[in-house]
1. What about residue 139, is it open to solvent by less than 10 Å² (accessible area, probe 1.4 Å) and under 15 Å from residue 271 (Cβ atoms)?
2. So which of 133, 110 is touching a Phe, Trp or Tyr at 6+ places or on another chain (Cβ under 9 Å), without any contact (Cβ under 8 Å) to a residue 60 or more places away in the chain and either aromatic (Phe, Trp, Tyr) or farther than 27 Å from residue 22 by Cβ (or both)?
3. Looking at residue 139 and the list (1) part of a helix (DSSP H, G or I); (2) touching a Gly at 6+ places or on another chain (Cβ under 8 Å), which single condition is not satisfied?
4. Could you identify the single residue in 259, 255, 223, 230 that is open to solvent by 10 Å² or more (accessible area, probe 1.4 Å), in a helix (DSSP H, G or I), of a type in the set (Asp, Glu) and within 23 Å of residue 44 (Cβ to Cβ)?
5. If I go through the stretch 172-199 residue by residue, how many of them are touching a Ser or Thr at 6+ places or on another chain (Cβ under 7 Å) and surrounded by fewer than 24 Cβ atoms within 10 Å (Cβ to Cβ)?
6. Return a yes/no flag: does the stretch 296-304 have any residue that is of a type in the set (A, V, I, L, M) and either free of Cβ contacts under 8 Å to residues at least 24 places away in the same chain or assigned to a helix (DSSP H, G or I) (or both).
7. If the Cβ limit is 8 Å and pairs must be 6+ apart or interchain, which residue in the stretch 1-24 that is under 18 Å from residue 213 (Cα atoms) and modelled with pLDDT of 95 or more pairs with which residue that is among the basic types (Lys, Arg) and open to solvent by 10 Å² or more (accessible area, probe 1.4 Å)?
8. Among residues belonging to the stretch 233-252 that are under 15 Å from residue 222 (Cα atoms) and among the small types (Gly, Ala, Ser), point out the one that is surrounded by the fewest Cβ atoms within 10 Å (Cβ to Cβ).
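The values are calculated or read from the model by the stated rules, or taken from the named source; none is laboratory data. All figures in this text were calculated on a predicted structure; none of them were measured in a lab. All Cβ positions, glycine included, derive from the backbone under ideal geometry; neighbour counts span all protein chains shown. Quick note on the areas: whole protein, heavy atoms, side chains included, nothing else; ligands and nucleic acids left out. Shrake-Rupley method; radii C 1.70, N 1.55, O 1.52, S 1.80 Å.
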Amino acid sequence: MGRDRKDAFRGCLLGGALGDALGYTVEFMRLKEIKRKYGPNGIQELECKNGPAIISDDTQMTLFTGAGLLEAKGRGARLNETQWQNALWDLMKEWYDTQDFKKKVKKRYSWLWEVNELHARRAPGNTCMRALSGQLGPGTLEEPLNNSKGCGGVMRVAPVGLFYPPNQYDRKEILRAGALAAVQTHGHVLGFLPAGMHALIVSGAVYEPEKGLKNIVREALEETVAFGRELLPLNIQVSRFRDLIEKAVTLSESEEKPETALKELGEGWAGDDALADAVYCALRFQDDFHRALTASVNHDGDSDSTGAVAGNILGAYLGYEKIRSAFSTENLELRDVILKMADELYRDSLKD
């Protein structure tokens, strides 16, 4: 691919934030409304009329997930252990305090807390807020907190795929870690299984790009389905998830109009169709970051989340230097904060 891994880390987080900001502008609009406001091709550029293009809770939570991974490593927590899960939970609770404004958590773990812009409410998901508001600890694969399959898990776990090199960690560990990061708040198999796959795709895009993005996706799907069947042998949702992602790959090879293909895959409010939408767009336009991102947000559904996940995947695969020409990153809110987090994750991922 001709670029270094630090560039891929930056591309992943900046790409996700760009997709998030582009989609957040139109998140609660139907496609007809989007076209009526922005023209027949829908929204094509970041909206910066009154300042920088604004990120949503998707990027906020992605940053705090990254901070959770750094905190876990600082505590000496091994991947997937209870101590590791608690570190991520502590940082999710810290993010919750930026939204709740009651400041229940007294100890602060990350420099992110000092970033005033991260204390703004940007349409946080109800499931995340409910899960984090209680006194219970994080949900686990064995004991989930709820039965939510919303996309609030899959949209925030890209840092997991960045942080754990597959030459140091088993791929199944990385997959499980992505699922665990999501199941803390989203207990349905279609809430956490797509998150595990998202982490695995990001890992492949960063560490093994020579395989090609389509092969990375197919390999990740095979491993994710095997993991799901091992965890829940009789759950039909695992097969439905497989079928949906396979459909996304097939549609990416067709001449179907993106808006038609996305209508077939779903609106992105649930974890499985958010990942399917993102996979379709990333594969369909894998050499054109601008077209991939605009396709991923111009639909009836959860535009910021589908944009964020598509941006994470393709940003990791293409790298920062290749995607920064597609949109002016100078106009993105918290650009420097996002780059700082990417650089810290890169630096600490190299440590034993």
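1. It is true that residue 139 is open to solvent by less than 10 Å² (accessible area, probe 1.4 Å) and under 15 Å from residue 271 (Cβ atoms).
2. 133
3. (1)
4. The match here is 259.
5. Qualifying residue count for the region: 2.
6. Scanning the stretch 296-304, I find at least one residue that is of a type in the set (A, V, I, L, M) and either free of Cβ contacts under 8 Å to residues at least 24 places away in the same chain or assigned to a helix (DSSP H, G or I) (or both), so the answer is yes.
7. Between residues of the stretch 1-24 that are under 18 Å from residue 213 (Cα atoms) and modelled with pLDDT of 95 or more and residues that are among the basic types (Lys, Arg) and open to solvent by 10 Å² or more (accessible area, probe 1.4 Å), the close pairs are 11/322.
8. Filtering first and then ranking leaves 239.
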